[in-house]
Amino acid sequence: MNISELPVGKSPAPEVLPHFPTVWQAVLWRNWGIIPVERLARVLNTTVEELRRAAQQLGLDPQLEADLSWLKHGYLTIIRNNWHLLPYSQLLELIDWTPEQLFRSLMEEDFLWLKLGRNKPDCPVVHLTALPEQELAETLQISALLKQHFPTGIPGRKEKAFAFLHKLPAEKPVVCREDFTFNFIAPYSASCGDIFNEEDPLPDVLLERYAAMGIQGIWIHAVLYHFVPIPGAESYSGNWQERRQKLRALAEKCQRYGLKIYLYLNEPRSLDLPFFDLKPEWAGLELPELNTRTICTARSSEPLEWLEYAVREVWKCVPSLGGAFCITMSENPTNCHYRAHSDECPYCRNEHPAQIIADVLKAMERGMHSISPDAKLIASTWSWQQVSRVVPDITADTAFAGEIMSRLPRSVHIAAVSENSLDLNIGGVKLRLGDYSISQVGPSEKSKALWKKARECNLSVVAKVQLNNSWELAAVPYIPVPYLIFEHLQNLKKEGISGLMLSWTHGGYPGGNLELLRATPEELAAKRFSPENAEKVCEAWRQFSEAFRQFPFCKDMLYAGPANRGPSNRFYPEASLLRATMLYFPVDDLKTWRGYYPENVFEHQFSLLLDGWKEGMETLDKIVPQSPEEKIHFQELKQIAEASMCHFESVLRQIRFVLARERQDTSEMQELLLREIKTVKKLLSLVCQDSRLGFEASNHYFYSLNDLLEKIISCCSILQKLPVSATEEK
């Protein structure tokens with residue numbers, strides 16, 4: 001593949017960064033300590049000596065060596081941070097990838113192309129050049145700012161990035177009961193990329209901890225043609241033998257801890273347009289924005305035959321696999337009905353959409369059970385719709401799901417997101433929950449109806465839940481709201497649910513709220529704290545839980561809002577007119593963040609959340625640990641609660657900054673900027689101590705230390721340029 005074949009979308013102009021005198025300084029800043037200095041010098045067409053001198057002028061440590069773990073485990077953060085700075089040619093040189101590697105990551109790694117905005121900014125080539133006098137003065141001003149805020153030096157990590165596996169709880173989990181007999185989870189440290197090329201995606205320490213907690217399985221992302229070549233298009237399956245060997249080795253490793261691997265499959269996976277020159281009979285709907293087509297299962301029998309064969313071959317190679325979790329609609333493009341548009345396909349329009357979905361699942365079931373009859377095929381009801389709708393029709397969608405279920409073998413398990421389509425009334429705004437949540441407790445009436453339908457079809461059921469965190473705040477390993485989680489689990493018990501999918505890509509931390517599977521909040525507190533302190537901890541947990549109910553839930557806030565980037569998302573002194581993208585670039589797009597909520601209600605809900613959270617923090621401040629062990633547990637709880645509060649504070653401040661900017665209230669803008677700097681510095685100190693903060697497996701780090709430092713520089717730059725208000729002049 002050539003660079004010219006990589007997607008560019010509308011190729012807009014890159015975002016301007018006015019807080020840096022030059023673009024090359026932004027490249028240096030965002031990659032210092034992350035990319036080896038020799039490589040960064042090559043990218044910027046300069047010498048190592050000149051680059052170190054330039055770093056020193058900016059106030060960075062010129063002798064800082066790169067942490068090479070970023071290139072292995074944090075490449076998504078690197079790609080995001082350089083997306084608006086470097087053209088493809090320099091970006092590929094920076095991460096040392098081929099165009100094909102980047103294309104696969106953009107298309108197959110958890111919606112990366114979508115997260116980046118479906119556009120590659122038209123960035124000119126960036127080289128280090130000599131600084132004119134004015135730019136040199138501005139550069140030295142940045143250095144002076146850093147010395148002003150960090151007189152003893154820029155803080156560094158006491159715990160290296162990606163060292164979080166060393167922070168796993170060492171003590172035995174609290175076990176008081178076993179209410180759920182089947183469960184599986186996403187591994188905390190494994191990416192959503194091609195983990196079969198990673199060195200050790202499932203470390204022993206993680207598997208050992210899961211086993212101790214009673215976790216029975218883990219799920220990992222897989223693409224079938226990476227393991228089984230498609231006849232006539234074998235070039236798409238490079239290194240498939242090595243991937244099979246790695247999968248077998250991982251399954252055997254998990255087996256030693258009593259764990260099973262479940263493959264997360266979206267199949268048959270769409271492919272780029274040149275593939276259909278080789279296999280024209282596979283061609284379904286064209287997807288111009290992705291330069292791909294869906295795989296039509298009605299035009300020819302071959303795709304379903306290959307699907308059955310591919311699953312059989314994988315299980316033949318690794319018969320110890322626990323099963324597969326399958327999403328057949330709305331995720332990665334697959335069959336012609338994946339977005340409920342099969343009527344647009346001339347071959348599928350005469351097929352019942354339920355039959356299209358059922359045929360895909362049946363093909364995988366036949367392949368799997370021909371080798372391993374006890375393996376579980378878990379079919380997700382996520383987005384099962386006959387007709388595409390923005391707002392779900394519970395009655396119609398449940399009936400359509402029933403049509404699919406009635407066509408499935410009895411060996412299939414049905415998974416429903418517990419909270420999906422929950423009716424909400426938050427701040428007087430009525431809406432229907434369209435995703436998964438911790439702040440809003442399930443199960444919903446729709447999920448209950450889906451489980452009922454499944455049972456009527458003699459199919460086993462599973463509840464998909466989030467216990468540790470959700471997209472409401474995925475930048476912490478767990479949100480300390482155990483009373484919400486416990487309430488949810490009790491509700492599921494009443495529904496007779498015994499099987500749980502415990503997390504999406506986030507939430508796999510082997511501790512935190514996961515311990516509520518086998519203990520009450522009170523039992524957990526009693527295990528870790530003295531009686532007096534346990535009572536206070538439970539009080540703080542209740543306050544955090546009640547505060548979090550105020551979260552203004554909507555999909556727009558989850559995916560476009562700034563909650564996960566938190567204090568790293570910069571302020572804009574003037575409206576940027578940029579649109580927020582999924583999780584990566586929230587910018588200042590308040591209109592998108594708030595979704596259905598009026599501005600005043602949206603702001604007020606975050607204000608209520610933060611006020612309640614502060615009450616919980618005040619309760620924690622009353623605790624005096626009585627022993628070294630209790631001190632460790634207390635510091636852990638307080639650290640996670642403080643990091644969460646930093647994110648909530650920043651979100652509220654970003655909302656208020658946009659509103660103050662619209663009113664041209666420069667006095668409030670200044671006050672918000674000054675307060676934000678304090679919050680960033682607080683989070684920075686926490687991140688230096690805890691490598692878990694900011695990390696999420698499918699996005700890597702939402703922010704690096706340099707991102708947080710850049711936010712301080714940006715805030716100071718805005719403060720210097722804000723016009724003085726009339727009130728201040730008087």
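Quick rundown of the values:
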| quantity | calculated |
| --- | --- |
| Identity of the residue in the range 55-108, among the small types (G, A, S) and more than 19 Å from N45 (Cα to Cα), that ends up farthest from the chain's Cα centre (by Cα) | G59 |
| Residue under evaluation P280, criteria (1) in contact (Cβ under 8 Å) with a residue 12 or more places away in the chain; (2) open to solvent by 10 Å² or more (accessible area, probe 1.4 Å); (3) farther than 29 Å from N119 by Cβ, criterion not met | (1) |
| Residues within the range 566-602 that are assigned to a helix (DSSP H, G or I), of a type in the set (A, V, I, L, M, F, W, C) and surrounded by 20 or more Cβ atoms within 10 Å (Cβ to Cβ), tallied | 3 |
| Residue, most open to solvent (accessible area, probe 1.4 Å), within the range 428-470, restricted to residues that are among the basic types (K, R), at pLDDT 95 or above and assigned to a strand (DSSP E or B) | K430 |
| Residues of the range 277-328 that turn out to be within 28 Å of the chain's Cα centre (by Cα) and farther than 21 Å from R349 by Cβ, as a count | 12 |
| The listed residue being open to solvent by less than 40 Å² (accessible area, probe 1.4 Å) and closer than 30 Å to T294 by Cα, out of P169, P99 | P99 |
| Filtered residues of the range 404-427 (kept if open to solvent by 10 Å² or more (accessible area, probe 1.4 Å) and either within 15 Å of F325 (Cα to Cα) or assigned to a loop (DSSP other than H, G, I, E, B) (or both)) | S406, R407, L408, P409, R410, S411, H413, V417, N420, L422, G427 |
| 1 or more residues at pLDDT below 95: qualifying strands (runs of 3 or more DSSP E) within the range 268-384 | 283-287, 292-295 |
| K260, sole failed condition from (1) farther than 25 Å from I378 by Cβ; (2) open to solvent by 30 Å² or more (accessible area, probe 1.4 Å); (3) out of contact with any Ser or Thr (no Cβ under 6 Å at 6 or more places or on another chain) | (1) |
| Residues within the range 67-95 that are within 21 Å of I713 (Cβ to Cβ) and not in a helix (DSSP H, G or I), tallied | 4 |
| Filter pass, A563 being in contact with a helix residue (DSSP H, G or I) (Cβ under 9 Å, 6 or more places away or on another chain), open to solvent by 10 Å² or more (accessible area, probe 1.4 Å) and small (G, A, S) | no |
| Residue match in the range 693-703 (condition: out of contact with any Cys (no Cβ under 9 Å at 6 or more places or on another chain), over 20 Å from G561 (Cα atoms) and open to solvent by less than 10 Å² (accessible area, probe 1.4 Å)) | no |
| Filtered residues of the range 514-549 (kept if open to solvent by 10 Å² or more (accessible area, probe 1.4 Å) and polar (S, T, N, Q)) | T520, S530, Q543 |
| Residue selected from the range 48-62 under the condition in contact (Cβ under 8 Å) with a residue 60 or more places away in the chain and either basic (K, R) or in a loop (DSSP other than H, G, I, E, B) (or both), by the criterion most open to solvent (accessible area, probe 1.4 Å) | D61 |
| Selection count, the range 370-384, where residues are more than 23 Å from N491 (Cα to Cα), open to solvent by less than 30 Å² (accessible area, probe 1.4 Å) and of a type outside the set (A, V, I, L, M, F, W, C) | 1 |
| Residue in the range 643-655 that is at positive phi and either open to solvent by 10 Å² or more (accessible area, probe 1.4 Å) or of a type outside the set (F, W, Y) (or both) present | no |
| Condition check for Y338: open to solvent by 30 Å² or more (accessible area, probe 1.4 Å) and in contact (Cβ under 8 Å) with a residue 40 or more places away in the chain | no |
| Pairs with Cβ under 8 Å, 6+ apart, first in the range 385-401 and over 17 Å from V417 (Cβ atoms), second in a helix (DSSP H, G or I) and small (G, A, S) | Q386/A354; Q386/A396; V387/A396 |
| Test: residue in the range 627-639 that is surrounded by 22 or more Cβ atoms within 10 Å (Cβ to Cβ) and within 27 Å of the chain's Cα centre (by Cα) | no |
| Count of residues meeting criterion [assigned to a loop (DSSP other than H, G, I, E, B) and either on the phi < 0 side of the Ramachandran plot or modelled with pLDDT under 95 (or both)] in the range 12-47 | 18 |
| Residue count, the range 222-256 (criterion: open to solvent by 70 Å² or more (accessible area, probe 1.4 Å) and touching a Cys at 6+ places or on another chain (Cβ under 7 Å)) | 1 |
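The values are calculated or read from the model by the stated rules, or taken from the named source; none is laboratory data. Computed from a predicted structure; not experimentally measured. FYI the Cβ positions are ideal-geometry reconstructions off the backbone, even for glycines, and counts take in every protein chain you see. Each accessible area value is taken on the protein alone, full model and side chains, heavy atoms only, with ligands, DNA and RNA left out. Shrake-Rupley method; radii C 1.70, N 1.55, O 1.52, S 1.80 Å.
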